[in-house]
Amino acid sequence: MSNAGNDLPSPTGPAAPLTAPDKAHQPPRWAPLTLIAFVALVVLTNIANATWAKLVNVNDPNAELLLLLSSRNRYLAFALGVDISVVAYAVIGFLRIAVAFAVCHMIGRAYSYQATGWFKRYLGFTDEAEAAFDRGFERAEWALIPIFSGSNIVAVLTGVRRTPASKLIMLLTIGIAGRLTLMWWLARFFEDELQSFLRFTTRYQWWVLGISIGAVVLVNLRNVRRR
């Protein structure tokens, strides 16, 4: 979170950074619930990152559980590689992405510019990058929301800016549907390569699980040190 304080322009100015102070804003009483929900989603994603190789074992897959834990692009592709049903893929994938976006959106509504400060520090944004991103979001919100429907920082910004629900739902629906369709097409186009990769991870499942668990531990230790 930036400590520049009074040297920053007003958050309503054209070059206001994402973390511009909003001293008048007071988080509502339900605000902590949004953080609890976010932590829960992070825990689920970490479980997916650690166990994905077991969940897409070609001999005994559980792709539905994988998508419930996390619907990142690679897991959408892996789920398609083990022949998840189209209905389960569409419903679970859509809901999981939408829930993550909604939680981050509500964090933005609850904590305003304080929330963007947290994400800036986590993502390593510079002040210049913040200002540029903020200006781009203001000008092209209609395009950024569908394109980055899986982006936490975009979701937070929609909350900070209080994007109307009707507009947000429409753009988010378009974005998630497009993402799911694109991943389905890519999984079919690269079907042979995807199947070969999943057979490899199944054959060396315990090695992959060990490496994945180690990677999750290291990434979280790095994030704790960064925070």
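No value in this document is a laboratory result; all are computed from the given coordinates. It should be emphasised that the depicted structure is a prediction, and the values quoted were computed from it without experimental measurement. Note that we place each Cβ from the backbone using ideal geometry, even for glycine, and neighbour counts take in every protein chain shown.
Residues that are in a helix (DSSP H, G or I), over 16 Å from Asn57 (Cα atoms), in contact with a helix residue (DSSP H, G or I) (Cβ under 7 Å, 6 or more places away or on another chain) and free of Cβ contacts under 8 Å to residues at least 24 places away in the same chain are absent from the range 204-215.
Of the listed requirements (1) crowded, with 21+ Cβ neighbours inside 10 Å; (2) free of Cβ contacts under 8 Å to residues at least 24 places away in the same chain; (3) within 17 Å of Val208 (Cβ to Cβ), Ile84 misses just one: (3). Being in contact (Cβ under 8 Å) with a residue 60 or more places away in the chain, surrounded by fewer than 20 Cβ atoms within 10 Å (Cβ to Cβ) and among the hydrophobic types (A, V, I, L, M, F, W, C) holds for only one residue in Ala98, Ala102, and it is Ala98.
For Thr181, indicate whether it is outside any loop (DSSP other than H, G, I, E, B) and among the polar types (S, T, N, Q). For Thr181, the condition - outside any loop (DSSP other than H, G, I, E, B) and among the polar types (S, T, N, Q) - is met. Would the range 130-142 turn up any residue that is touching a Ser or Thr at 6+ places or on another chain (Cβ under 7 Å), of a type in the set (A, V, I, L, M, F, W, C) and in a helix (DSSP H, G or I)? No, the conditions are met nowhere in the range 130-142.
The rows are residues; the columns are (1) touching a helix residue (DSSP H, G or I) at 6+ places or on another chain (Cβ under 8 Å); (2) aromatic (Phe, Trp, Tyr); (3) closer than 24 Å to Arg96 by Cβ.
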{"site": "Asp134", "(1), (2), (3)": "yes, no, no"}
{"site": "Glu141", "(1), (2), (3)": "yes, no, yes"}
{"site": "Ile147", "(1), (2), (3)": "yes, no, yes"}
{"site": "Asn152", "(1), (2), (3)": "yes, no, yes"}
{"site": "Ala155", "(1), (2), (3)": "yes, no, yes"}
{"site": "Gly159", "(1), (2), (3)": "yes, no, yes"}
{"site": "Ile169", "(1), (2), (3)": "no, no, yes"}
{"site": "Leu172", "(1), (2), (3)": "yes, no, yes"}
{"site": "Ile176", "(1), (2), (3)": "yes, no, yes"}
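Annotation note: of Arg162, Arg121, Arg188, the sole residue that is surrounded by fewer than 18 Cβ atoms within 10 Å (Cβ to Cβ) and within 17 Å of the chain's Cα centre (by Cα) is Arg121.
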